[in-house]
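Report on one structure; see the data block that follows.
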Amino acid sequence: MNCADEIVREYVTRLCNVLASLSRGRTYLLLNLCWLSYHQNDTFIPVLHARMLAETGDSSARQNALGTLQKLSLRRSAQTVMINLGVLCCVVVVCCVCMC
């Protein structure tokens, strides 16, 4: 997700968003992509959070990262991680900036 190529970032976040649409996809993202996160035994959520913050403007990658976070929040374990990371505050700020 930290690729320099914007098109690759867009497609990866789009794939994650599609996977998060299904229950098994959310399980896969939350359990099997721990190796992408910053800390071992952590979830994929910090990676999505960082991607959302790193994007500028109302890009497709940012929208897909936000959509993936929203779908992952259906799981209690993901909600706890998001609360601890302060994702909600960042989402509000990002949405307000994009609307102005």
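Values for this structure:
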{"read-out": "Extreme residue, farthest from the chain's Cα centre (by Cα), among residues of segment 48-68 that are farther than 12 Å from Arg14 by Cα and crowded, with 19+ Cβ neighbours inside 10 Å", "value": "Glu55"}
{"read-out": "Segment 54-100: number of residues that are hydroxyl-bearing (Ser, Thr, Tyr), more than 18 Å from Leu31 (Cβ to Cβ) and free of Cβ contacts under 8 Å to residues at least 40 places away in the same chain", "value": "1"}
{"read-out": "Total residues in segment 71-88, condition open to solvent by 50 Å² or more (accessible area, probe 1.4 Å) and under 17 Å from Glu55 (Cα atoms)", "value": "1"}
{"read-out": "Pairs with Cβ under 7 Å, 6+ apart, first in segment 21-41 and farther than 14 Å from Ala78 by Cβ, second acidic (Asp, Glu) and at pLDDT below 90", "value": "none"}
{"read-out": "Whichever residue in segment 9-26 is polar (S, T, N, Q) and open to solvent by less than 50 Å² (accessible area, probe 1.4 Å) and, among such residues, is modelled with the lowest pLDDT", "value": "Thr13"}
{"read-out": "Residues that are closer than 17 Å to Asn32 by Cα and assigned to a loop (DSSP other than H, G, I, E, B), drawn from segment 47-73", "value": "Ser73"}
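The values are calculated or read from the model by the stated rules, or taken from the named source; none is laboratory data. The shown structure was predicted, so the numbers you read here are calculated from the model rather than taken from an experiment. A quick note on method: Cβ atoms are made from the backbone with ideal geometry, for glycine too, and the neighbour counts reach across all protein chains shown. For the accessible areas, the whole protein counts, side chains as well, though only heavy atoms, and no ligand, DNA or RNA atoms are used. Shrake-Rupley method; radii C 1.70, N 1.55, O 1.52, S 1.80 Å.
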